[in-house]
Amino acid sequence: MLNELYRLSSNLQKCGIQLGDLHQNIKTPGKAAGFIVGIDQNGMPKTVEHISADNMHKLWTLRKGQHNSFPYIKLKKPILDVKFDDPIYEKLKSKKTKPEEKTAILVQATQNYDLSNKQDLSLAEWTQSQIAEVEGKDQKLAALVDLVKRLPKNEASSKSFLKNLTVLLMNNFNKLTVDLITTLMVGDRKEKERKIVCDVSLFFDVSDWEKYLCRVAHPEMGLLVSKYLPNAAVDNKKDGKSAFGGSELHMESYPDPNLPLIGRIYLFSMNQDAPCHNRYGKIGSAIFPASPDEVRSMHGAIKWCVADERKGKTWQGVPNVNRKQDLLIAYLEEKPQNAIELASIFAASDVNEGEIVEAAFENKAKTVCAALRGEAGLTDNSQVNVIVISKVDEGRAQVVLSTAYKIKNIIQSVEEWRTAANNRPSFSLLLPGKKGEKALQVEPTCPSPTDVMKCFQNQWIKSGLDKRDIPGVYLRHVYDLYLGDTMIARHAANNFLRFSLQQLGELFIGYGGADHANTIKEYSPDARKTLLRGISVIAIVLYKLGIKKEDYMKNAAFNVGRMLALADKLHEQYCRHVRKNEVPPQLIGNALMHTALDNPTKGLARLSERLPIYQAWATKVQGDDVGLAKWVLGQMGQVSAGLENTCIPTQADDAVKTQILLGYLAHVKNEG
């Protein structure tokens, strides 16, 4: 990771971007809602102020590694001493328990349960020494200095503090705070781990903060503390040769920034307490030596890239094979500070899962390509660097993708991708909207790389009515299809053909049969979205293999699928009219799909044995309500004529199979 970050920091500084970094002991609180607790001159909590997750994340805390955090803290255990098997948890977790009932239960609990023991809120010696370093350096630090004096000094005074805090919390119940207060008071019982967790954020401040020049619970206070804290002591750096060319060596642990989506990571992690890591005579930061300035620049560079206001521009979330989120960073090497939403074409902009956004990625990609063309100072050979960072475990993160693309390649690939997504027959389905809204008729649209990854996260079974979680595809494989040159893209296309048939085949066949029988209500919104994405992926894959819809929709394979679809519709109409709406679970075309996918000739031969009874009925029947049956007969004649002079394969490769599936799913205008 350090190599990628060093290159990033060098590019940013070359473009004149200042990478002023906070002191390494000033951290960002986690993104979780909580409370600001105001402490009075007597050392007791006087005010409790709810703070949102976003605003808590904007604050600061002083911390050494993962220890001694102040003024942002989390209690080690709930305020009240409640046993794991206590029935109060069932009452509080029940969906039937209303907020006002929870309040009453907790108020009663404060009288029935003792306070937890061994809750010590006093400051660690290290924290006191850090505050002493900045005391008197600036008048704006006065609130922080006074806050330190007001904090509990030992376990006994901490207990009194928490007792008073309990009274305050009981008077601050509302819809926003009831669940937070519940967790703070009695904790969150984790059944699997058999433990009680108190995961609520608290931020200490002085209660009379209005009389100070700067309150503790403000980002400016963090900047002030960072400014006046001394840099690493002389014994924490030494002369030597950095791996990047510097003349001093950073001797402390590498910084651990809190990054969007993946959380806190170390830029370089090597546990010096694990003896096996010392086998080569070096441990910790000595394994990969860098100068203090280089470390600060790398830390500052990644923090600059992932700032909230640069989301979609230089960073975006992207799913990984385990359904978790990785962090994608993308930047123009020559102009990283541009306002183009570059990262959004390498992943996808955030879209509410409950919303239907037609052609969202296609529109975004079109806008980005136009912006790249119009950006002054760029050439066809200007380069976009892409880095994807994945969280391996709590102590480690790693770069899973580091690559670069020329602007010319990006624009050509994106435009081809948009064209390729339309390399399909007509198809649409009803996609349910939000509660109370009408369902919308939606067609497959141009998928983002994120959409492609989501498409292959499941193995669809039982005719697409159920699914099983499986490891998905890697982002680099999607990029091979999306941005790779001709040879790489063709190789990736063949792989994605195989993935599509293996993982989505049952969904394609099952939904197609339900569509022909008018029984699609059984299919979930997730199945329908996956089907739409899957059709788009197949369209793109065939295009990358040089198989265009203008040709394949006239080929034998596609028309075999069409004939099976028409057989379904004729069978369905026969059952509606002759069998008084008793439609079987599987229509004749659907029943022969697997046979046709293995051997198209055999599939058609089997169909010719079963079809005559339905054709004979449709030929003779008369009436105003048999228009669809008559239309199907006419279409069968056209498809048969198209198949008459073609070579129908006896074995089907993956490309032929997907064309059969597209023919089976295709919708034809003027149907009925």
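Classify the stretch 319-468 from the C-alpha gyration tensor, please: rounded if a/c falls under 1.5, else prolate or oblate depending on whether a/b exceeds b/c. Oblate shape, in that a/c is at least 1.5 and b/c is the bigger or equal ratio. Estimated at 0.36 nm per residue, the fully extended path between Lys31 and Asp393 surpasses their Cα-Cα distance by 128.4 nm. Summary of the geometry: the stretch 406-453 and the stretch 464-541, compared by the centres of their Cα atoms, lie 13 Å apart.
Across the stretch 66-141, the volume of the C-alpha convex hull divided among the residues equals 170 Å³ per residue.
Given R0 = 51 Å, the distance between the Cβ atoms of Asp40 and Lys521 translates into a calculated FRET efficiency of 0.25. Beyond 19 Å, what percent of the Cα pairs of the stretch 546-654 remain? I get 46 percent for the Cα pairs in the stretch 546-654 exceeding 19 Å.
Relative to one another, the C-alpha centroids of the stretch 116-160 and the stretch 1-55 are positioned 20 Å apart.
Between Val197 and Glu582, the FRET efficiency estimated from the beta carbon spacing at R0 = 51 angstrom works out to 0.35.
For the pair Glu333 and Ala370, label points projected 7 Å from Cα toward Cβ lie 2.9 nm apart.
Which residues among the stretch 159-181 fall inside the zone where the amide N is under 18 Å from a point 7 Å beyond the Cα of Ala104, along Cα→Cβ? It comes to 170-175, 178-179, nothing else. Summarising the label geometry, the points placed 7 Å from Cα in the beta-carbon direction at Lys408 and Glu309 lie 3.5 nm from one another. Extent of the stretch 62-196 along its three principal axes (Cα atoms, max minus min coordinate, largest first): 55, 30, 25 Å. Taking only the C-alpha atoms of the stretch 32-116, the Rg (one decimal) and the largest Cα-Cα distance, Dmax (whole number), read 16.0, 43 Å. Tell me, what % of the accessible area of the stretch 465-592 is carbon and sulfur with a 1.4 angstrom probe? Whole-percent figure for carbon plus sulfur exposure: 49. All other residues whose Cβ lies under 14 angstrom from that of Lys95 are scored, Lys and Arg at +1 and Asp and Glu at -1, for a net of +2.
Taking a sphere under 9 Å around the Cβ of Asp54 and counting the other residues whose Cβ falls inside, with K and R at +1 and D and E at -1, yields a net charge of +1.
Of all aspartates and glutamates in the structure, those lying under 18 Å Cα to Cα from Lys657, and not within fewer than 8 positions of it along the same chain, are Glu506, Glu550, Asp551, Asp598.
If you keep only loop residues by DSSP, which GluC sites (Glu not before Pro) in the stretch 553-612 have at most 10 other Cβ atoms within 10 Å of their Cβ? Qualifying residues, ordered by number: Glu582.
Take the Kirkwood radius over Cα pairs of the chain, plug it into Stokes-Einstein at 20 °C and 1.002 mPa s, and you get 72 µm²/s for translational diffusion. Take the stretch 447-491 with all the other protein chains still there, run a 1.4 Å probe, and you get 46 Å² of accessible area per residue.
Please give the net charge around Leu176, taking every other residue with its beta carbon less than 15 angstrom from that of Leu176, where Lys and Arg add +1 and Asp and Glu add -1. Mind showing how you got there, number by number?
Numbers: positive: Lys102, Lys175; negative: Glu49, Asp54, Glu100, Asp179.
Cβ neighbours under 15 Å give a net charge of -2.
Every helix of 4 or more DSSP H residues in the chain counts as -39500 (n - 2.57), and over all residues that averages to -13000 deg cm²/dmol at 222 nm. Scanning residues 5 or more positions from Ser201 or on other chains, those with amide H under 5 Å from its amide H are Phe35, with H placed 1.01 Å from N in the peptide plane.
Please tell me which of these pairs span more than 19 angstrom C-alpha to C-alpha: Lys554/Lys620; Lys313/Lys366; Lys27/Lys303; Lys364/Lys434? Before the final figure, lay out each step's value.
Values: Lys554/Lys620 30 Å; Lys313/Lys366 15 Å; Lys27/Lys303 12 Å; Lys364/Lys434 24 Å.
Violating the 19 Å Cα-Cα cut-off are Lys554/Lys620; Lys364/Lys434.
Here is the list for the stretch 120-149: trypsin sites (Lys or Arg not before Pro) lying in DSSP coil, each with at most 15 other C-beta atoms within 10 angstrom of its C-beta, are Lys137.
With the cut-off at 17 Å, report for the stretch 542-592 the share of all Cα pairs above it, as a whole percent. Present the calculation step by step, with values, prior to reporting the outcome.
Numbers: 614 of 1275 pairs.
When all Cα pairs of the stretch 542-592 are counted, 48 percent exceed 17 Å.
Amide hydrogen proximity for Leu592: with H placed 1.01 Å from N in the peptide plane, no residue at 5 or more positions away or on another chain lies under 5 Å. Of the residues Gly433, Ile407, Cys446, the one whose Cα sits farthest towards the positive end of the charge dipole of the stretch 405-455 is Gly433 (charges of +1 on Lys and Arg Cβ, -1 on Asp and Glu Cβ, taken about the Cα centre). Starting from the Cα gyration tensor of the stretch 389-442, take the square roots of the eigenvalues, sort them a ≥ b ≥ c, and report rounded, prolate or oblate (rounded when a/c is under 1.5, otherwise prolate if a/b is larger than b/c, else oblate). Oblate shape, in that a/c is at least 1.5 and b/c is the bigger or equal ratio. A convex hull fitted to the Cα coordinates of the stretch 443-536 yields 92 cubic angstrom per residue. Among the listed pairs Lys118/Lys140; Lys93/Lys175; Lys46/Lys159, those whose Cα-Cα separation exceeds 23 Å are Lys118/Lys140.
Loop-located GluC sites (Glu not before Pro) in the stretch 368-420 (DSSP state not H, G, I, E or B) with no more than 13 neighbouring Cβ atoms inside 10 Å: Glu394. Computed from backbone phi with θ = phi - 60° and the Karplus coefficients 6.51, -1.76 and 1.60, the 3J(HN,Hα) list for the stretch 379-386 is 10, 4, 8, 4, 10, 10, 8, 10 Hz; x is used for glycine and proline. Distance distribution note for the stretch 600-648: the fraction of Cα pairs above 14 angstrom is 60%. Checked against a 19 Å cut-off, the cross-linked pairs Lys462/Lys521; Lys76/Lys163; Lys58/Lys227; Lys58/Lys391 give Cα-Cα distances beyond that limit for Lys58/Lys391.
The values are calculated or read from the model by the stated rules, or taken from the named source; none is laboratory data. Here the structure is a predicted model, which means the values were calculated and not measured. Methodologically, a virtual Cβ is constructed for each residue, glycine included, from the backbone with ideal geometry; neighbour enumeration extends over all protein chains shown. For the accessible areas, the whole protein counts, side chains as well, though only heavy atoms, and no ligand, DNA or RNA atoms are used. Shrake-Rupley method; radii C 1.70, N 1.55, O 1.52, S 1.80 Å.
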